[in-house]
Amino acid sequence: MAESVLGPARRTTRRIRVVSSAGIVAAVLLAVLLVPPLVQLDQQAVDLAAKLQPPSWQHPFGTDDVGRDLLLRCVYGLRVSLLVGVVAGLTATVIGTAVGALAAAFGGWTDRIVMRLVDTFSSVPHLLLGIFIVAMFRPGVGPVIVSVALTHWLSTARIVRSEVLSLRSRPFIDAAISGGASRGRVIVRHLLPAVLPQAGLAAVLMVPHAMWHESALSFLGLGLPTHQASLGNLVQTARGSLLAGDWWPTLFPGLFLIIPTLALAGLAGAWRERINPRRRSELML
Amino acid sequence: MLELTRITAGYDPRDPVVRDASLTIAPGESVGLLGPSGCGKSTLAKVAALLHRPDAGTVVLDGRPVRGWRHGAPRAQRTAVGVVFQQPRLSADPRLSLRELIAQPLRATGRRAEVTDRVAELAPAVGLTAELLNRRPHEVSDGQLQRACLARALVLRPRWLICDEMTAMLDASTTAALVAVVEAYRRESGAGLLAVGHDRVLLERWCDRTVGWQGISGRVATQESMSPTG
């Protein structure tokens with residue numbers, strides 16, 4: 001359907017976008033999964049004689065202020081950031097889907113109370129709430145995941161709730177109730193499968209968003225411990241050398257954050273057009 | 001008996017669609033409810049199927065007053081009424097094959113063991129081939145889908161059947177086939193029928209009696225017109 005309304009030029013652009021996004025995502029996944037076990041190099045190896053070297057053949061991304069290879073640090077950093085992004089994104093989506101579906105399926109006062117709670121949480125800036133949560137624990141990957149997951153299920157809950165509300169009044173739900181289906185069965189068998197594509201899309205879009213949050217927390221010094229490479233930590237430690245004119249320690253981690261984000265958003269955009277060609281404004285990053 | 005007494009129902013309590021409607025159906029009886037589009041007959045049918053809580057009035061099903069609607073109604077009471085809706089597209093879960101569609105009420109009531117037998121029995125009765133049973137709703141026509149929806153309504157052997165404009169979207173031969181299936185089921189089981197529609201000729205031929213919806217007052221006048229079974 002969508003193909004027929006688009007002109008050939010738009011279609012080609014879209015195809016290029018999807019293919020390049022998929023390629024980048026695949027490359028990123030291969031890099032973070034294969035490089036650490038295959039390449040037996042120590043990302044923490046300090047070489048003070050080679051500190052702050054610009055990109056060269058030996059160090060394609062240059063070295064940082066204690067002479068660590070930045071390419072290796074970036075890959076390890078991306079690995080951590082992606083782990084946080086995927087786990088936090090999935091957790092947030094599961095919580096959001098459950099809350100949204102239950103609120104809409106039960107309706108009435110349950111719905112009102114739950115959605116007012118969602119509004120209350122949404123009125124506090126995400127980052128502030130996230131900082132509050134990480135501040136309660138020792139720095140590490142776990143608290144960052146918890147902090148990002150607990151602050152990001154709200155939009156998914158809203159999306160899922162509105163989808164379920166529109167489905168709830170369809171005759172096929174009436175037919176299921178008339179056929180003796182319990183409330184739980186209606187939710188699990190009929191409502192959740194119908195919102196799964198939307199929830200999946202929300203999950204994919206949540207991954208880069210969660211990565212950015214991890215980077216923001218680490219940049220503020222509240223995320224991962226400083227020795228552990230994460231994209232936020234890399235940018236944070238490189239900030240000082242930027243003023244001295246050394247551009248590479250900030251540029252490459254920054255690109256490692258931006259390029260996979262755009263690729264994931266590109267893939268999610270294609271998926272969105274596929275499941276609902278008419279509604280393109282929703283679920284933007 | 002299925003007794004609806006002084007039912008007031010709608011979607012806005014200040015402006016109900018159905019006002020003070022009363023209708024009684026005896027076991028084994030078939031009643032046609034005639035009315036123009038938008039008069040509230042589908043809402044009344046949903047009240048009778050325990051799918052819509054009325055703002056006022058009482059429903060008594062087989063001698064027991066109905067106290068809860070939708071999930072609030074006991075399962076035995078809900079499943080005593082089979083419903084067929086007007087639009088098969090909207091009343092079928094798009095992810096289920098027709099076979100699963102028909103089997104859903106059995107699975108929902110924990111009678112999984114009967115699925116194979118009941119589907120094998122009902123599919124030929126409503127005119128669905130084995131090949132059609134494996135297709136999903138978007139792969140069949142409205143008529144074929146409505147046949148599956150009728151089979152789903154009959155699968156639990158309800159004592160009451162409510163057909164809300166069941167044939168409004170269908171051609172004449174499918175209409176005749178579906179009416180014949182309903183009548184065969186009623187002969188065999190003695191179930192009562194409420195057939196809602198706007199087609200006077202069809203309902204008068206199909207039902208023991210037809211009642212009309214008196215537009216402005218919104219009352220269902222019982223026995224407004226009587227006609228012999230067609």
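Basic side chains Lys and Arg get +1 at the Cβ, acidic Asp and Glu get -1 at the Cβ, and with that the dipole of chain A about its Cα centre reaches some 1200 debye. Taking θ as phi - 60° and the Karplus parameters 6.51, -1.76 and 1.60, the scalar couplings of the stretch A:251-256 work out to 4, 5, x, x, 5, 5 Hz in sequence order, x denoting glycine and proline. If you line up the long axis of helix A:141-151 against the longest principal axis of chain A, both from Cα atoms, how many degrees apart are they, to the nearest 10? Once rounded, the angle reads 40 degrees.
Under the criterion of Cα pairs below 8 Å and six or more residues apart, the relative contact order for the stretch A:127-215 equals 33 percent. Can you figure out the FRET efficiency of A:ARG239 with A:VAL188, using R₀ = 60 Å and their beta-carbon distance, to the nearest 0.05? Taking R0 as 60 Å, the efficiency between A:ARG239 and A:VAL188 is 0.75. From the Kirkwood radius over Cα pairs of the stretch A:2-275, Stokes-Einstein at 37 °C and 0.692 mPa s returns a whole-number translational diffusion coefficient of 158 µm²/s.
Annotation: amide H-H contacts under 5 Å for B:VAL196 (H modelled 1.01 Å from N, sequence separation of 5 or more, or interchain): B:LEU33, B:CYS163, B:ASP164, B:GLU165, B:MET166.
Note on chain A: GNM, Cα springs under 10 Å; of A:PHE256, A:PHE106, A:PHE61, the largest mean-square fluctuation is that of A:PHE106.
By DSSP, the beta bridges lying fully in the protein assembly as shown are antiparallel in about 50 percent of cases.
Near the amide H of B:ALA56, within less than 5 Å, lie the amide hydrogens of B:THR8, all on another chain or at least 5 residues away, with H placed in the peptide plane. The stretch between A:ARG17 and A:ILE258 holds 85.2 nm of extra length on full extension. This uses 0.36 nm per residue minus the Cα-Cα distance. For the stretch B:71-150, the spread of Cα positions along the three principal axes, ordered from largest to smallest, is 34, 27, 22 Å. The stretch between A:LEU165 and A:ALA50, if pulled fully straight at 0.36 nm per residue, gains 35.3 nm over its current Cα-Cα span. Taking amide H atoms as placed 1.01 Å from N in the peptide plane, the amide H of B:SER22 lies under 5 Å from those of B:ARG6, B:ILE7, B:VAL220, each 5 or more residues away in sequence or on another chain. Of all the options B:THR174, B:THR58, B:THR109, the one that moves most in a Gaussian network model of chain B with Cα springs shorter than 10 angstrom is B:THR109.
Sequence-ordered 3J(HN,Hα) estimates for the stretch A:196-205 from the Karplus curve with 6.51, -1.76 and 1.60 and θ = phi - 60° stand at 4, x, 5, 5, x, 4, 4, 5, 5, 5 Hz, glycine and proline given as x. Placing a pseudo-label 7 Å from each Cα along the Cα-to-Cβ vector at A:TRP57 and B:TYR11 gives an inter-label distance of 7.4 nm.
Counting other C-beta atoms within 10 Å, which of B:CYS39, A:CYS74 has the fewest, and how do the rest follow?
With the fewest neighbours first, B:CYS39, A:CYS74 line up as B:CYS39, A:CYS74.
Between A:TRP247 and A:GLU273, the FRET efficiency estimated from the beta carbon spacing at R0 = 35 angstrom works out to 0.40. Going by alpha carbons, how many degrees (0 to 90, nearest 10) lie between the helix axis of A:108-123 and the longest principal axis of chain A? Taking Cα atoms only, the helix is inclined about 20 degrees. Between A:LEU29 and B:ARG67, the simple label model (points 7 Å from Cα in the Cβ direction) yields a spacing of 5.5 nm.
Between A:THR226 and A:LEU196, the FRET efficiency from the beta-carbon distance, with R0 = 51 Å, is close to 0.80.
Taking Cα pairs under 8 Å and at least six residues apart, what relative contact order does chain A come out at, in percent?
Working: 374 pairs, mean separation 73.4, N = 285.
Over chain A, the number comes to 26 percent.
The 3J(HN,Hα) values that the Karplus relation (6.51, -1.76, 1.60; θ = phi - 60°) gives for the stretch B:108-114 are, in residue order, 5, 9, x, 10, 4, 4, 8 Hz. Gly and Pro appear as x. How large is log10 of I(q)/I(0) for the protein assembly as shown at q = 0.11, 0.12, 0.13 Å⁻¹ when the intensity is taken from the Debye formula with one equal scatterer per alpha-carbon? Debye output, listed in q order: -0.95, -1.05, -1.16. Bridge orientation summary for chain B: considering DSSP beta bridges with both residues in this region, about 45 percent are antiparallel. Considering only A:LEU83, A:PRO193, A:VAL94, and ranking their Cα positions along the charge dipole of the stretch A:2-275 that arises from unit charges at the beta-carbon of Lys, Arg, Asp and Glu, the one farthest toward the positive end is A:PRO193. Computed over chain B, relative contact order equals 28 percent, with contacts defined as Cα pairs under 8 Å that lie 6+ residues apart.
Using only Cα atoms and rounding to the nearest 10 degrees, what angle (0 to 90) does helix A:154-168 make with the longest principal axis of chain A? With both axes taken from Cα atoms, the answer is about 20 degrees. Label positions at B:ASN134 and B:ALA168, each projected 7 Å from the Cα along the C-beta direction, are separated by 3.5 nm.
Every read-out reported here was derived from the displayed coordinates using simple, explicitly stated rules and does not represent laboratory data. What you see is a predicted model; the values in this text were computed from it and never measured. FYI the Cβ positions are ideal-geometry reconstructions off the backbone, even for glycines, and counts take in every protein chain you see.
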